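For reference, the structure discussed in these notes is given below.
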């Protein structure tokens, strides 16, 4: 019985037709265009820089809940919150802190600092989350309303930036659809 | 011509899909704790596994929901009056009715709105055995925090497409994963916060007292209001 079900789902279906799997029609500087069931939609993506909360107090909680509830009530469109949990690439980090001045690199203190940094970073696997809000709309007119609502989230303390530019959107989609390693 | 397409998607195994050599499984959250506190949802997620998560929030027509609720409450009342009190599910029926009444009260008196929410999480790995292990580990961590999840076996492709940033849901997986929530419940799953202080181009200042994680700050980043002064703790803090 189990094998019958398995065969039914996998029969003659080795590779999916890539062009049929995704509904993406085009990517332009402002948005991604998709077409599903003959309905053309614009996909707008907003990157959300999160707030840092270390010691949460009741007043902070109450403020955030009030403002977020206000956002939910005013938002009359369906939306998607997209979260990627990614590992911080330590090698990239070290490349960033390499100093061009050779005298400093030869310095004993600098060497100790670097080696200690390396061990402590390797001991701590650091993961950070990236957040996005994704909106799909049919008419361009709705965009002003949506922008107003989404940017109202900045009252909480988060900063919001719209993903724009064909290349940026293309790279973003490439990393998500190919499921490349989430490494920052 | 679009450049983001993967070279191939292999959907022959019901336990996972293979995209350009990466194994991907998708799970959906089908049940949440009865009382969920603020930040509890994101704190329940394991932070040492790479994953992509999509939370879909869809506002519902309140009047339609109220009509359905009232109809169902009257039906259950009639059923309670007619069934035998020794029946096993009599308590469940009573609980359902009281929950429905409570929801109706919240909508009418506290002006709450009703949302359909769907949560999908895709986990990926380079290794075939590792993906099964990671999925089990992820689910058991969620289960320990009272978040009940289902693996989308046979429907991993639909699950994968739902975890892409297109805001589209496949109908074949929406029925099993739909959860009704009120405005206050959706507000409690506020995700846009972090408990780590790590800027990628920053300098390490030490460890945070709160969770003993590395504190790495780029003081010249735009997200900080003033790069000339940096306060790490309040006065009289340890």
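Readers should treat all values here as calculations from the given coordinates under stated rules, not as data from a laboratory. The structure presented is a predicted model; accordingly, all values stated were derived computationally and were not measured. Because the Cβ atoms are built from the backbone with ideal geometry, glycine has one as well, and the counts that use them run over all protein chains shown.
Just rank B:124, B:213, B:67, fewest to most, by other beta-carbon atoms within 10 angstrom.
B:67, B:213, B:124
What angle, in degrees between 0 and 90 and rounded to the nearest 10, separates the Cα long axis of helix B:62-82 from the longest principal axis of the Cα atoms of chain B?
50 degrees
What's the angle, to the nearest 10 degrees (0 to 90), between helix B:90-108's Cα axis and the longest principal axis of chain B?
70 degrees
Nearest 10 degrees, 0 to 90: what angle lies between the long axis of helix B:128-144 and the longest principal axis of chain B (Cα atoms)?
Relative to chain B, helix B:128-144 is tipped by roughly 60 degrees.
With springs only between Cα atoms under 10 Å apart, run a GNM on chain B and tell me which of B:81, B:222, B:129 wobbles the most.
Maximum among the listed residues: B:222.
Rank these for me by crowding, A:59, B:122, going from fewest to most other beta carbons within 10 Å.
A:59, B:122
Between B:178, B:28, B:215, which gets the highest mean-square fluctuation from a Gaussian network model of chain B, Cα cutoff 10 Å?
Among B:178, B:28, B:215, the largest GNM mean-square fluctuation belongs to B:215.
Could you state the per residue volume, in Å³, of the convex hull enclosing the Cα atoms of the stretch A:22-68?
Each residue corresponds to 134 Å³ of Cα convex hull volume.
Looking only at other chains, what is the average number of their beta-carbon atoms within 10 angstrom of each beta-carbon in B:44-52?
Rounded to a whole number, the mean comes out at 5.
Given a cut-off of under 8 Å on Cα pairs at least six residues apart, what relative contact order in percent is computed for chain B?
This gives 28 percent for chain B.
Calculate, for residue B:130 and residue B:40, the FRET efficiency according to 1/(1 + (r/R0)^6) with r their C-beta to C-beta distance and R0 25 Å; round to the nearest 0.05.
0.30
What value, in deg cm²/dmol to 500, does the helix sum -39500 (n - 2.57) over DSSP H runs of n ≥ 4 give at 222 nm once divided by the residues of the protein assembly as shown?
-11500 deg cm²/dmol
Out of all DSSP beta bridges with both ends in the protein assembly as shown, state the antiparallel percent to the nearest 5. It would help to have the intermediate numbers written out before the result.
On the way: 68 of 72 bridges.
DSSP beta bridges in the protein assembly as shown are roughly 95 percent antiparallel.
Of B:93, B:164, how do they rank once you tally other Cβ atoms within 10 Å and put the fewest first?
With the fewest neighbours first, B:93, B:164 line up as B:93, B:164.
Nearest 5 percent is fine: what portion of the DSSP beta bridges confined to chain B is antiparallel?
Rounded to the nearest five, the antiparallel share is 95 percent.
Using a 10 Å cut-off around each Cβ of peptide B:154-166, what is the average number of partner chain Cβ atoms that fall inside?
Details: counts 5, 1, 0, 3, 0, 0, 3, 4, 1, 6, 10, 16, 16.
Partner-chain Cβ atoms within 10 Å, mean over residues of B:154-166: 5.
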